[in-house]
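Presented below is the structure to which this report refers.
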Amino acid sequence: MTMNEFPIIGIHHVTAMTSSAEKIYNFFTEILGLRLIKKTVNQDDIQTYHLYFTDDVGTPGTDMTFFDFPGAPKGKNGTDSIAATSFRVPSNASLLYWQERLSQFQIEHEDITELFGKKVLPFVDFDGQNYQLISDENNAGIPGGLPWKNAPVPAEHAITGLGQILVNVNHPRTLIEVLVDTLGFKEVLTVDHSTLLEVGAGGNGGAIIVNYQPDLPLAQEGYGQVHHVAWRVKDDVSLKNWIFRLENLAYPSSGFVDRFYFQSEYFKPTRGILFELATDGPGFLVDEPYETAGEILSLPPFLEKKRTEIEGYVRPFDTTKHNLPQGKE
């Protein structure tokens, strides 16, 4: 196998941890204008919700997901961690719209700034989770998704997918070598202590920024932190070839995992960072119609027999309202 035969396509999804499934649902649908495409549970911990927020149809590369582990502690920012997630918006003008919108909702944010030639707007949620909006103006490469039709924001400023992933490390060359030599990324530019790398067709949808942060303490996992980032592979054939490659290179890894909505493998390029390789299909609409996706608790077939038990664990909450048309501002 060579990387050119089964290339990584770009970012697939980012999974983070939250203190409240209900609050993150409201934050993402009502403020950020992303769609809850799937309300399910963590397949490895069925007492925990797993919520998937995407574009209008669940396009790979548009997906931010959340666990709400009961009783989990607050995480702490630091090194050897995935430090921030970016969301793509169409233009620099969109960032001005979002600056006003975040202020309107009293969301803590910084001023618009520039990162590797792209305009960005950093902000945090109620858990202190770090994000930034990134402008796609003059961006080339991996296309974005489709704005959610019921989003409470105008389509010309809507979030269309995931952008640059920011990681903090105290040994940057170690991670960069994994990205380049193992996963097929290309180094684009280094400025001061930060290196931009891209994969696939490149651009914001295939970018990671490795920040050298030797003075930070080690990050501590908990809510308000990213759990892992997943990279796209085309299908099962590609995934199985990647599994073979990673096993030969002796990375700590999970082997093949069937998540029903996609198939994947998890591995650790560093002690504190978890990567996943995930297939583009079959997708989130495989078991729900487009019109009502995300309204009920969906379970993959192998968990359906435990539905009564699972419904006794997770707190029921209403997720029907997001599929109703919302007024755009």
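Within the stretch 206-214, is even one residue out of contact with any Leu (no Cβ under 7 Å at 6 or more places or on another chain), buried (at least 17 other Cβ atoms within 10 Å of the Cβ) and either part of a helix (DSSP H, G or I) or not aromatic (Phe, Trp, Tyr) (or both)?
Within the stretch 206-214, one or more residues are out of contact with any Leu (no Cβ under 7 Å at 6 or more places or on another chain), buried (at least 17 other Cβ atoms within 10 Å of the Cβ) and either part of a helix (DSSP H, G or I) or not aromatic (Phe, Trp, Tyr) (or both).
Going through ASP136, ASP111 one at a time, which residue ends up being over 24 Å from PHE53 (Cα atoms) and acidic (Asp, Glu)?
Numbers: ASP136 fails: over 24 Å from PHE53 (Cα atoms).
Answer to the selection: ASP111.
If you go through the stretch 121-139, how many residues are surrounded by fewer than 21 Cβ atoms within 10 Å (Cβ to Cβ), more than 17 Å from the chain's Cα centre (by Cα) and at pLDDT 95 or above?
Of the residues in that region, 2 qualify.
Just the residues that are surrounded by 14 or more Cβ atoms within 10 Å (Cβ to Cβ) and at pLDDT 95 or above, please, taken from the stretch 318-329.
The one that is surrounded by 14 or more Cβ atoms within 10 Å (Cβ to Cβ) and at pLDDT 95 or above: THR319.
For the stretch 221-246, enumerate the residues that are in contact with a Phe, Trp or Tyr (Cβ under 6 Å, 6 or more places away or on another chain) and among the hydroxyl-bearing types (Ser, Thr, Tyr).
SER238
Here's a check for you: in the stretch 157-188, which residue that is polar (S, T, N, Q) and in a loop (DSSP other than H, G, I, E, B) is surrounded by the fewest Cβ atoms within 10 Å (Cβ to Cβ)?
Let us first name the residues in the stretch 157-188 that are polar (S, T, N, Q), namely 160, 164, 168, 170, 174, 182.
The next check asks that each one be in a loop (DSSP other than H, G, I, E, B); those that pass are 160, 170.
On the way: THR160: 26, ASN170: 16.
Only one residue tops the list, namely ASN170.
Taking GLY61, is it crowded, with 24+ Cβ neighbours inside 10 Å and in contact (Cβ under 8 Å) with a residue 60 or more places away in the chain?
Working: crowded, with 24+ Cβ neighbours inside 10 Å: yes; in contact (Cβ under 8 Å) with a residue 60 or more places away in the chain: yes.
Yes.
Which condition number in (1) crowded, with 17+ Cβ neighbours inside 10 Å; (2) under 28 Å from LEU146 (Cα atoms) is the one that PRO282 fails?
(1)
Taking LYS186 as the residue in question, decide whether it is over 24 Å from PHE275 (Cα atoms), out of contact with any His (no Cβ under 6 Å at 6 or more places or on another chain) and of a type in the set (Lys, Arg). Quick ask: steps written out before the conclusion?
On the way: over 24 Å from PHE275 (Cα atoms): no; out of contact with any His (no Cβ under 6 Å at 6 or more places or on another chain): yes; of a type in the set (Lys, Arg): yes.
No.
Kindly evaluate SER19 against the criterion of being touching a strand residue (DSSP E or B) at 6+ places or on another chain (Cβ under 6 Å) and assigned to a loop (DSSP other than H, G, I, E, B).
Numbers: touching a strand residue (DSSP E or B) at 6+ places or on another chain (Cβ under 6 Å): yes; assigned to a loop (DSSP other than H, G, I, E, B): yes.
So SER19 fits the description; yes.
Confirm whether ALA278 is in contact with a His (Cβ under 7 Å, 6 or more places away or on another chain) and aliphatic (A, V, I, L, M). Let's see the steps before the verdict.
Working: in contact with a His (Cβ under 7 Å, 6 or more places away or on another chain): yes; aliphatic (A, V, I, L, M): yes.
Yes, satisfied.
Please work out if ILE243 is surrounded by 18 or more Cβ atoms within 10 Å (Cβ to Cβ) and within 18 Å of the chain's Cα centre (by Cα).
On the way: surrounded by 18 or more Cβ atoms within 10 Å (Cβ to Cβ): yes; within 18 Å of the chain's Cα centre (by Cα): no.
Criteria not met by ILE243.
Specify which of the listed residues (THR292, THR279) is of a type in the set (Ser, Thr, Tyr), closer than 23 Å to PHE317 by Cα, in contact with a helix residue (DSSP H, G or I) (Cβ under 8 Å, 6 or more places away or on another chain) and modelled with pLDDT of 95 or more. Working first, answer last.
Details: THR279 fails: closer than 23 Å to PHE317 by Cα.
Answer to the check: THR292.
Take the residues in the stretch 1-13 that are surrounded by fewer than 23 Cβ atoms within 10 Å (Cβ to Cβ) and in contact with a Leu (Cβ under 8 Å, 6 or more places away or on another chain); name whichever of them is nearest to ALA140 (Cα to Cα).
Step one: list which residues in the stretch 1-13 are surrounded by fewer than 23 Cβ atoms within 10 Å (Cβ to Cβ), which gives 1-9.
If we keep only those that are in contact with a Leu (Cβ under 8 Å, 6 or more places away or on another chain) as well, we get 3, 8.
Details: MET3: 22, ILE8: 17 Å.
Filtering the stretch 1-13 for residues that are surrounded by fewer than 23 Cβ atoms within 10 Å (Cβ to Cβ) and in contact with a Leu (Cβ under 8 Å, 6 or more places away or on another chain), the one nearest to ALA140 (Cα to Cα) comes out as ILE8.
Which numbered condition trips up SER81, out of (1) of a type in the set (Gly, Ala, Ser); (2) surrounded by fewer than 18 Cβ atoms within 10 Å (Cβ to Cβ); (3) in contact (Cβ under 8 Å) with a residue 60 or more places away in the chain?
SER81 satisfies every listed condition except (2).
Just give me the residues in the stretch 22-62 being among the hydroxyl-bearing types (Ser, Thr, Tyr) and assigned to a helix (DSSP H, G or I), in sequence order. Talk me through it step by step, then tell me what you get.
Taking the stretch 22-62 first, the residues among the hydroxyl-bearing types (Ser, Thr, Tyr) are 25, 29, 40, 48-49, 52, 54, 59, 62.
Correct list: TYR25, THR29.
Which count do you get for residues in the stretch 282-305 that are closer than 20 Å to TRP242 by Cβ and without any contact (Cβ under 8 Å) to a residue 60 or more places away in the chain?
Pass one, the stretch 282-305, residues closer than 20 Å to TRP242 by Cβ: 282-283.
So of that shortlist, the ones also without any contact (Cβ under 8 Å) to a residue 60 or more places away in the chain come out as 282.
Within the stretch 282-305, residues that are closer than 20 Å to TRP242 by Cβ and without any contact (Cβ under 8 Å) to a residue 60 or more places away in the chain number 1.
The values are calculated or read from the model by the stated rules, or taken from the named source; none is laboratory data. The shown structure was predicted, so the numbers you read here are calculated from the model rather than taken from an experiment. Note that we place each Cβ from the backbone using ideal geometry, even for glycine, and neighbour counts take in every protein chain shown.
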